[in-house]
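Notes for the one structure printed next.
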Amino acid sequence: MSVNLTANAIPAIISGDVNAKPLVQVLDISSVASNKNSQQQRYRVLLSDAVSSHHAMLAAQLNDLVTTGRIKNGSIVQLLEYICTIFQNRRIIMVLNMESIIPDCEIIGSPKPFVDSELPVQKVLHDNTVGSSINNNNNNNFNNNRNTLAAQNTGSTNVQNFRPTIQPSYKPPPVYKGRGAVMKNEAPARAIPIAALNPYQGRWAIKARVTAKGDLRRYNNARGDGKVFSFDLLDSDGGEIRVTCFNAIVDRFYDTIEVGKVYLISKGSLKPAQKNFNHLKNEWEIMLDLNSTVELCPDEDGSIPKQQFSFRPISDIENVESNAIIDVIGVVTSVNPSVPILRKNGMETLRRILNLKDNSGRSVELTLWGEFCNREGQKLQEMVDAGVFPILAVKAGKVNEFSGKSIGSISTTQLFINPDFPEAQSLRAWFDQVGKDSASLSISKDITHGGTKNEIRKTVSQIKDEGLGRSDKPDWITIRATISFLKTDTFCYTACPLMIGDRQCNKKVARSGDTRWQCDRCNQEFEECDYRYLLQAQIQDQTGLTWVTAFQEAGEEIMGYPAKELYALKYEQEDEERFSDIVKSRLFNHFVFKLKIKEELYGDEQKVKSTVVKADKVNYSAESRHMLDLISKFCRKQL
């Protein structure tokens, strides 16, 4: 990584500059004991601008930079407050404030000690103070302080002590006690590499491309409700870092940040990266605040890559630790339909399983969650169903371990279908020539083609014969069946539309007057309510029939209309003929039902209840593959 030190910084400081705030390198550090207080350590450093070098003394308040290792031999630092003074007929730089920019760096240039040939000869006083020639070049306050100190030091030993002669004039103001800045530095921050960021820098700026943007998430904790989102940055040196925004900062930057754009970002704080959620190779992450700035760079910077990958062969994933974040690329050989999943927080999301294989001789399951199922997942399913097997590159997939290894999407995962990468082109050539007909060993638990992960296919008769739903936990099964009857007298109910936190109430509401509805749970009235399905249906297959209950989403999948439209048709428009035609059109249609079977108490009687979680129209291509797979397994058992 190339670093440009400030040219001619040492000569400029020696000549009296105090405003340039140069970037210099530390060549050497040595400790010096204070004569006034033998317990107080001071540090002398040798500074370089790559051409010239000169000694400097660090103010006592900067000792912590040395003792904690933030500044060491080779460190690149920026001098923020400094002054050059004359002591014992030689000039010495006093550093009052500075920042560590790059803690470790090789020595830059071939610096040589700076020699000031124009330095006048000064008289050295016996009291170890600087003579009157110095006083002529400084203000009265400076002179008074030095003269007072000289009087105090009269009669001291001949041991030279420069600290008392200069330190009183530069006593640190309250800044060094944590009460604010000594001087507000309004100069633009220098853009530095992401790799050079550390939490001890007060001013910095980075220029980087947004490679990923997380979803806006809401949370609730002891301090109340909040919202958060994060995005990942990549700079021209390959450095990566995550940026996180909370609450009011979300409102400022969420709509501004776009994936693929380059931004100049400054004035944020650095915190240790939370490795449970942050997979980037950086020990820090940036937290933006009210003082932070995010500026779009309108000109495209070709030096910053669009994205960087570190692909792992599927065979390597077997030895990768669970929860690790990896990049993988493979050929999509099968895609299963999306199914709804109920999260622990009560919210419903989608899940879709697909299968990847590569030329390592292994295949792996990839689980897509949420919007990935409808966007890339649906496109992939259509391609595979059409006989096209696309190349899929996965950026930032999470390794899971359950009866084998699999990969799952997270909020910052990115999917690239048929990308123009060398790795993708090589994989395509392999698959078309050899891989399409070659067998591969799955490192994940076996899946049923045309089904979902860990799918358990059953028939209607097996629900009763195997006593499903009678254990402590519900049974989840998949049945391909036909709707033979629908109850229409109570096919939906009026529901509360109010939100409780991030969830809708959905409790049944009753009329309050002629135009309003009331929810007993929320204890509120409102003019409009929701209409939600509570559909009772009878389904049957070749083995028997059973009753199932379908709620809102599953009800819409079966009926093909929102509950509100059918409610208005039946009860408001009173168009019984049209309503009956719609109901009849839904009978004897084939569906693949995902059922939750659980024994529940009704009054004093225990009954097994079957709830439709998902109702998909039969995909005959997927079902054919499923049946061929069953035949293949049956034939292997007969051999």
Exercise for the section: Mind scanning 395/614; 207/395; 281/395; 507/564; 458/617; 464/594 and naming the pairs with a C-alpha gap bigger than 20 Å? Expected result: 395/614; 207/395
Handout entry: Whole-Hz ³J(HN,Hα) from phi, Karplus 6.51 cos²θ - 1.76 cosθ + 1.60, for the range 618-626, glycine and proline x
Key = 4, 8, 5, 5, 5, 5, 5, 5, 4
Fill in the blank from the handout: So for R0 = 22 Å, FRET eff. of residue 289-residue 64 from the Cβ-Cβ r, to 0.05, ends up at 0.40
Practice task
For residue 613, enumerate residues with amide H under 5 Å from its amide H, sequence gap 5+ or separate chain, H modeled in the peptide plane.
Solution key: 594, 595, 596
Problem - Rounded to whole Hz, the Karplus (6.51, -1.76, 1.60) HN-Hα couplings of the range 62-67, x for glycine and proline - result: 9, 4, 4, 4, 7, 5
Completion exercise
Counting only DSSP loop positions in the range 564-593, the chymotrypsin sites (Phe, Trp or Tyr not before Pro) whose Cβ has at most 12 other Cβ atoms within 10 Å are 588
Completion exercise
The answer for residue 324, listing residues at least 5 apart or on another chain whose modeled amide H is closer than 5 Å to its amide H, is 399
Handout entry: Built amide H within the under 5 Å cut-off of residue 97, gap 5+
Key = 80, 81
Practice task
On a C-alpha basis, how far is the centre of the range 98-112 from the centre of the range 419-444 in Å? Whole number, if you could?
Solution key: 48
Completion exercise
Of all GluC sites (Glu not before Pro) in the range 539-612, the ones in DSSP coil with at most 12 other Cβ atoms within 10 Å are 574
Completion exercise
Under the rule rounded for a/c under 1.5, else prolate if a/b exceeds b/c, else oblate, using alpha carbon gyration tensor axes a ≥ b ≥ c, the range 483-639 is classed as prolate
Exercise for the section: Apply 1/(1 + (r/R0)^6) to the Cβ-Cβ distance of residue 564 and residue 223, taking R0 = 41 Å, and write down the FRET efficiency to the nearest 0.05. Expected result: 0.60
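What ranking, highest mean first, results for peptides 14-23, 357-366 when packing means the other Cβ atoms within 10 Å averaged over each residue?
357-366, 14-23
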Problem - Loop sites in the range 258-312: GluC sites (Glu not before Pro), DSSP, at most 16 other Cβ within 10 Å - result: 258, 283, 300
Practice task
For residue 349 paired with residue 296, estimate the spin-label separation in nm (one decimal), with each label point 7 Å from Cα along the Cα-to-Cβ line.
Solution key: 3.0
Completion exercise
Label model pair residue 573, residue 456: point-to-point distance (7 angstrom along the Cα→beta-carbon line) in nm is 4.3
Handout entry: Cα gyration tensor, the range 209-326 - rounded (a/c under 1.5), prolate or oblate
Key = oblate
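We did not get these values from a lab; they are worked out from the coordinates using the rules stated. Computed from a predicted structure; not experimentally measured. Glycine also receives a Cβ, built like all others from the backbone with ideal geometry; neighbour counts cover every protein chain displayed.
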